[in-house]
Each structure stands twice: as C-alpha cells, then as structure tokens.
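Written out below as structure tokens is the structure these notes cover.
The values are calculated or read from the model by the stated rules, or taken from the named source; none is laboratory data. If you're wondering where the values come from, they're calculated on a predicted model, not measured in any experiment. Because the Cβ atoms are built from the backbone with ideal geometry, glycine has one as well, and the counts that use them run over all protein chains shown.
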Protein chains: 2
Amino acid sequence: MNKFQQIELVRPGKFNKLSLVENSLNSLAADHLRIKVQFSGLNFADVMMRLGLYPDAPPAPFCPGYEISGEVIEIGKNIKGLQLGDFVMAGMHFGGYSSICDAPAWQVRKIPAHWKSDKAAAMIVSGLTCDLAFGELARVRNSDRIMIDCASGALGALSIQYLLQLGVKEIIGLTSRESKMDIIRERGARPMLLKEWYESSEKVDVVLNSRGGESLHRDRSMLNPLGRLVAIGASHMVKKGRLSFTNVIKEFLKIKKVSPIDLMNENHGIFGLNVLKLFQQPKVLTKSLDNLSGGKFSLNPHIDKVFSPHQIEEALDYLGAGRSCGKVLIDWRKI
Amino acid sequence: MNKFQQIELVRPGKFNKLSLVENSLNSLAADHLRIKVQFSGLNFADVMMRLGLYPDAPPAPFCPGYEISGEVIEIGKNIKGLQLGDFVMAGMHFGGYSSICDAPAWQVRKIPAHWKSDKAAAMIVSGLTCDLAFGELARVRNSDRIMIDCASGALGALSIQYLLQLGVKEIIGLTSRESKMDIIRERGARPMLLKEWYESSEKVDVVLNSRGGESLHRDRSMLNPLGRLVAIGASHMVKKGRLSFTNVIKEFLKIKKVSPIDLMNENHGIFGLNVLKLFQQPKVLTKSLDNLSGGKFSLNPHIDKVFSPHQIEEALDYLGAGRSCGKVLIDWRKI
C-alpha cells in the first residue's frame, strides 16, 4: 500500500528511455491531497522534453506530466472542502505520470458531477491555455476575428469552443493536412490550409501561434492594426515525433526577435504564454482553474486515444507525429 | 479671402527653421470640411520631427500638426450632419499648424456644447492615445494595477482620468522631477520618482511607456505575470528640447529587441502604438473619436500654455524642455 508506480524520463535526447518505476510514498504534506490517479494527460511539451528540447525540465531522471484526474485517497490536515472519495482533477508542476500524486489543494478542483474523469484530465492544460491566452492575455472580444494554428488538436478543440462561447463569430483554423479540414469545420471554425493562409488576404485581430520560429513573424504580418499574437510554443522544431535537426538549425538561424519600433509602426502586440511557468503562481492560476471547473465555460475536451502506462513511448510517438485530433491520455487503471 | 497662414518646418535637424508662410486655398474636396482654426495642439512627436528624429515626417518643407479645433466655414458637397458655423475638432495627418484646415469628415467631430475649443484641440491626440492604449490594445480591466511614465504631462492627465473612469483603483504615476509629484497626486495617481520605481518591489499589470529605449526592458521587468506594456514613444532621446547626441547614441546602442522566448518565460506582452499611423485607417480611429466626443468618457484636458503662431519655436522649446504639465497650444486668433 506504501508503493506507487511512476514513469520516469531517464535520459532526454535519447529514445526509449522512459521507464515505469516503483517508488515509496512519503507522508502527505498538510496542504496537499493524495490522489489515486485514473488518467494522466500528455502534452506537446512532454514530446519536446523527451527530445531534450525543454529547458525548464528538472534534471533527469524525473517524472513528467502536468494534468491528472482521479480519486482523493488521503487528505492533508489543513485541507477543507474536499473529502476522501471525491473525484478531482489537478494541474501538476511535473509528476503527473504517476499512479498516485500528491498535489497542493489550490491546484486541485472537484470534478463536476456530469463530467467523466478522462475528460477532466484532458481539460487542465488545454483549458488553462485557452483561458489564459484568450481570456487573460489577449482579452478577446466577440468582435475579434481570430486565427488558431493548432485547430485540429486538443487545444484547438477547446479553443474553438471557448471562443464560440465568448460570442466570437469568425475563427480561422489552420492545418497542414487536408484530411483534418472537416474536423475543424465540424468544431465550428473555418478551416484553411497553412499554405493558403499566407497567400490569402485574410487579416485577423488575434492569432494563437503554437508553431513558433519564423511563423511568429509571418503570422504577425496577418494582423490588423491593434491586433495581437499569443505565442505558446515551438512545435515546428519537431517533425513526426522526432527531433528534426534540420528544423532546429533552421529555426535557430531564423529566431528573430521583435523590434518594439516595428510593433509601434504596425500597432501590434505580441504575448508569450507558458502555462507551466504559472503552476507556481497560485494567484494567477486560481481564477482560470475556477473558470474551467466552475461553469463559466462549458468545455468538452475531445479525447483521441488512451494508452496504458506501459505504452508511454508509443503514446508520445503518436502525439509527436501530429496525427492526433485530440487529447492523448494514459489510463492508470490499465496498469 | 483666398489665402491662409501655415507654419512650415523648413529644415528638420537645424534650429530656428520654422516659418509662418502664406499659401493659397485650393477648392474643397467633396468629402472634406474647411475649418477656420482657433487652436492647434503641439505634440512631442513635433519636437522629435523638428530635430529630424521622426522617420515618418513628409519631406521638408511641410506643415506639422495633428489636432485642431475651430469653426466650419465650408462644406464639401458629400457632407451630411455638419453645418456652416459648427464648432468642431479634428485629427489631422500633418497640416494642423494652419489658420485654415481642410479635413476629411470622418476625422472631424462636433464639439459638445459645454466644451471650449481650446480643450477640444487638446483632446484629440492625447485622448486617442488613451483610448487606443488602454481601451483597445491593453484592454484594461478595473482590477489592473497600472504604471504611467508620463503622468505629469498632457497625456498623463487624460490617462489618469480615463483609467479612473474605467474603475481602475491603483495608478502609479512616474516623474523625474520632485516638483511634479503634487500635480500627479492631485490628478488621482500615486506619484513615484523614476529612481524609486526601479528600486521598489511594486509590480503592475499594465505599463504605459513613452520613454522608449532601455526603459522598455526595465519597465517590463516590473510587470506581473500576464502583464502587458504599451510602448508609445522614445522621449528619452530628447533632453531639454534639444537633441541629446549622447542619449541618441546610448539609446541606439541599447535598442534591444524583444525575444518571444523571454515573453513566454515571463508570460508578458508588449504592444506598440503609433496613433499617427492610424490616421489613415478610418475603421480603426472612428470608434475612438466617437468615444472621446460622444460621452463614453468625460475627459478634461489640462492646458498648460497657449502661444501665438509667431511663437511656434518658443512653444516647441517649452514643450521639449519637459517642464510643461499639460497641453501646449497655438492660438490662431492671436495672429
């Protein structure tokens, strides 16, 4: 009863170096909850981390993972408002690839009665990213025209729902694959192929950019005056789940910083968002976690595929390959 | 009757090269109004322009000036809603230092009955800057803590009024002069000396930065996570109304661009605003002009000093010296 399993990233940058290991539980801190995990969510940052491309990762070996759902099995002595047996979801600052997680109470939210625990795990990182990118940083208005460059993925699904619920009427969803255009359309956005986008004369007020590198500057050129771009990642560095050395070198050569003078001349803004950096800022994240779980928005994450903990490498390969159209999860009940 | 006076900038970069000249009127365009000017507003951009530091200035000789108030004396044949004898204010894309101005109707607004025409001329550029910086770019919320670095000037006066009317509770107003602290306090902000600011542990959600250069980066370091900075100028390059060569060289050496990676790591945003670039974008400016004249905000510009057209050089020296605490105007009735 004193043992639990977790997935450790043994050596980033090399493949096949994720292992399922057994560890012993420590005693629970007074302001923490102990959660028996049902689902852990995978994120693109994990793919980057596995490739050694994530500077904020702890020294290896470490346990990745930012989002879980499960059942409360122990309660720190300072905890109020949550009970043994409650089903909860939690944002984790690493450590989420684990059969049991200890989480500070402020990062934990009770799962609303009508939610399933797979959806709850799939909600945290994408939901926080939506709320922070559109609600808190860009402060989107319903009159804004918006372009999302990751429209076919897990974040794209929630982003489109979030924006439609804000009353936004025009959402362009980019994809590089013709096969994903129908999914984007069904989600409520207007699909557009990447190559069409730059050739079009579409102008938007808000861009959500997850590709990074050169695309930041090209996307900014598609903004209306008073427009804003939110940069959330650098997915371009990865190709088919493998580190693309050509892309990395190309991207590094192309990393252009942004000149404040250019921003003035074009009346543009650029935001950076790294949700993980905010996991140690309760004041900032509390409101967004409440928005997700408290019903301000009614978001329904799309789950693409569920793997067992033993299949973690396959699961990360699958996510990194860019073929998924929603969240990829680990189901700890399958261990 | 066919003649009018205007002030021309003969040769930027040299002093004493502003002349009052007489020109002939052309016939009025169908969508323009002809305005007999009472007041022209001076702006810091004019000081920069006189020093040859404003890349967007037209080739010399040209007539500067972005804001006027006066009486309609002729109406283009397509104009509706304004009449001969109406008192109006107008934003001008250059040409405002003039006894008579022709302006496209969309840039012109009738002066509300209880306004004086000196206040109207003083309203345009500062008012648009407020509304665009805080209302449209930063999209300020009343829970935001805000720092304004030009709190004692004309823009500072309107900014503080605008923010207080939005319900903002915490406004820090920077100044480099101890003597201006009382004015800032009376306007409703908390005054702070520049040197105290960086040594303090104050963190804010929104910065309005008019100093430019190195201060952009230092001010950004004072932002909370999810904070935003709006860059509107580079006043640091000018010292006591003269071009400070030391400052210009220092600033050029220090022009640091902004790394999107840094913005991500800090969850910050940076906007650039150049109101003058928007004078050719009716769609963008119309709403802000309506906000100023239509009563969404009730702003009361502070007028510091009024000069005659013959005193234009003295007036620009006075503005550039940084001792004014409000708008500097030219009164064309004093010609």
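Screening the stretch A:201-234 for residues that are out of contact with any Ser or Thr (no Cβ under 6 Å at 6 or more places or on another chain) and part of a loop (DSSP other than H, G, I, E, B) and picking the one that is nearest to B:Lys287 (Cα to Cα) gives A:Lys203.
Which fully enclosed strands (runs of 3 or more DSSP E) of the stretch B:95-200 have 2 or more residues being closer than 30 Å to A:Val230 by Cβ and touching a strand residue (DSSP E or B) at 6+ places or on another chain (Cβ under 7 Å)?
Passing ranges, in order: B:145-148, B:170-175.
For A:Ala103, the criteria (1) touching a Gly at 6+ places or on another chain (Cβ under 7 Å); (2) more than 28 Å from A:Ser152 (Cα to Cα) hold in every case but one, which is (1). The residue that is surrounded by the fewest Cβ atoms within 10 Å (Cβ to Cβ), counting only those in the stretch B:23-53 that are over 19 Å from the mean Cα position of the chain (by Cα) and more than 13 Å from B:Cys101 (Cα to Cα), is B:Ala30. Restricting B:Gly81, B:Gly76, B:Gly85 to those that are surrounded by 14 or more Cβ atoms within 10 Å (Cβ to Cβ) and among the small types (Gly, Ala, Ser) reduces the list to B:Gly76. Just so you know, in the stretch B:277-309 the residues that are more than 7 Å from chain A (Cβ to nearest Cβ) and polar (S, T, N, Q) include one that is farthest from A:Leu263 (Cα to Cα), and it is B:Ser308. Just one of the listed residues (A:Leu299, A:Leu285) is more than 24 Å from A:Ser99 (Cα to Cα) and part of a helix (DSSP H, G or I), and it is A:Leu285.
The one condition from (1) facing another protein chain (nearest Cβ under 7 Å); (2) surrounded by fewer than 22 Cβ atoms within 10 Å (Cβ to Cβ) that B:Asp317 does not meet is (1).
Does the stretch B:70-98 hold any residues that are under 21 Å from B:Glu8 (Cβ atoms) and in contact with a Ser or Thr (Cβ under 9 Å, 6 or more places away or on another chain), and which are they? If the condition is that a residue be under 21 Å from B:Glu8 (Cβ atoms) and in contact with a Ser or Thr (Cβ under 9 Å, 6 or more places away or on another chain), then B:Gly70, B:Ala90, B:Met92, B:Gly96, B:Tyr97, B:Ser98 are the ones that fit. Residues in the stretch B:1-60 that are touching a Cys at 6+ places or on another chain (Cβ under 8 Å) and not charged (D, E, K, R): 5 in all.
Here A:Ser19 qualifies as over 24 Å from A:Lys283 (Cα atoms), among the small types (Gly, Ala, Ser) and surrounded by fewer than 19 Cβ atoms within 10 Å (Cβ to Cβ).
For the stretch A:202-214, the candidate set comprises residues that are within 14 Å of chain B (Cβ to nearest Cβ) and in contact with a strand residue (DSSP E or B) (Cβ under 6 Å, 6 or more places away or on another chain); within that set, the residue that is surrounded by the most Cβ atoms within 10 Å (Cβ to Cβ) is A:Leu208. Within the stretch A:193-201, can one find any residue that is surrounded by 14 or more Cβ atoms within 10 Å (Cβ to Cβ) and touching a Pro at 6+ places or on another chain (Cβ under 6 Å)? Checked the stretch A:193-201: no residue is surrounded by 14 or more Cβ atoms within 10 Å (Cβ to Cβ) and touching a Pro at 6+ places or on another chain (Cβ under 6 Å). Quick one: would you say A:Leu289 is outside the structural domain of A:Leu155 (by TED's automatic domain parsing) and either buried (at least 20 other Cβ atoms within 10 Å of the Cβ) or among the aliphatic types (A, V, I, L, M) (or both)? For A:Leu289, the condition - outside the structural domain of A:Leu155 (by TED's automatic domain parsing) and either buried (at least 20 other Cβ atoms within 10 Å of the Cβ) or among the aliphatic types (A, V, I, L, M) (or both) - is met.
When A:Leu158 is tested against (1) over 17 Å from the mean Cα position of the chain (by Cα); (2) more than 18 Å from A:Asp205 (Cβ to Cβ); (3) of a type outside the set (S, T, N, Q), only condition (1) is not met. Would you confirm whether or not the stretch B:93-106 contains a residue that is under 19 Å from the mean Cα position of the chain (by Cα) and within 14 Å of chain A (Cβ to nearest Cβ)? The answer is no; no qualifying residue exists.
Among what's in the stretch A:297-335 and is under 16 Å from the mean Cα position of the chain (by Cα) and β-branched (Val, Ile, Thr), pick the residue that is farthest from A:Gln165 (Cα to Cα). Only one residue tops the list, namely A:Ile330.
Might you let me know whether the stretch B:266-276 holds any residue that is within 12 Å of chain A (Cβ to nearest Cβ), touching a residue at least 24 places away in the same chain (Cβ under 8 Å), assigned to a helix (DSSP H, G or I) and within 17 Å of B:Ile124 (Cα to Cα)?
Here is the first cut: in the stretch B:266-276, the ones within 12 Å of chain A (Cβ to nearest Cβ) are B:266-276.
The next check asks that each one be touching a residue at least 24 places away in the same chain (Cβ under 8 Å); those that pass are B:266-276.
Checking the rest, the ones that are also assigned to a helix (DSSP H, G or I) come to B:266, B:275-276.
Those left that are additionally within 17 Å of B:Ile124 (Cα to Cα): B:275-276.
Checked the stretch B:266-276: at least one residue is within 12 Å of chain A (Cβ to nearest Cβ), touching a residue at least 24 places away in the same chain (Cβ under 8 Å), assigned to a helix (DSSP H, G or I) and within 17 Å of B:Ile124 (Cα to Cα).
From the list B:Lys180, B:Lys116, B:Lys169, the lone residue that is without any contact (Cβ under 8 Å) to a residue 12 or more places away in the chain and surrounded by fewer than 24 Cβ atoms within 10 Å (Cβ to Cβ) is B:Lys116. Looking only at the stretch A:76-86, which residues are without any contact (Cβ under 8 Å) to a residue 40 or more places away in the chain and either in a strand (DSSP E or B) or of a type in the set (Lys, Arg) (or both)? Result: A:Lys80, single match. For A:Leu132, indicate whether it is over 22 Å from B:Leu263 (Cα atoms), modelled with pLDDT of 95 or more, under 17 Å from the mean Cα position of the chain (by Cα) and crowded, with 18+ Cβ neighbours inside 10 Å. So A:Leu132 fails the test. Does B:Ile73 qualify as being modelled with pLDDT of 95 or more, assigned to a strand (DSSP E or B), of a type in the set (A, V, I, L, M, F, W, C) and in contact with a Lys or Arg (Cβ under 6 Å, 6 or more places away or on another chain)? So B:Ile73 fits the description; yes. Step by step: first the residues of the stretch B:229-261, then only those that are more than 7 Å from chain A (Cβ to nearest Cβ) and at pLDDT 90 or above, then the one that is farthest from A:Lys277 (Cα to Cα). Which residue is that? Once the filter is applied, the top-ranked residue is B:Ile232. Scanning the stretch B:136-183 for residues that are touching a Phe, Trp or Tyr at 6+ places or on another chain (Cβ under 8 Å) and among the hydroxyl-bearing types (Ser, Thr, Tyr) yields a total of 2. One residue stands out among those in the stretch B:305-331 that are part of a helix (DSSP H, G or I) and either outside the structural domain of B:Gly41 (by TED's automatic domain parsing) or of a type in the set (Gly, Ala, Ser) (or both): the one that is farthest from B:Ser98 (Cα to Cα), which is B:Gly320.
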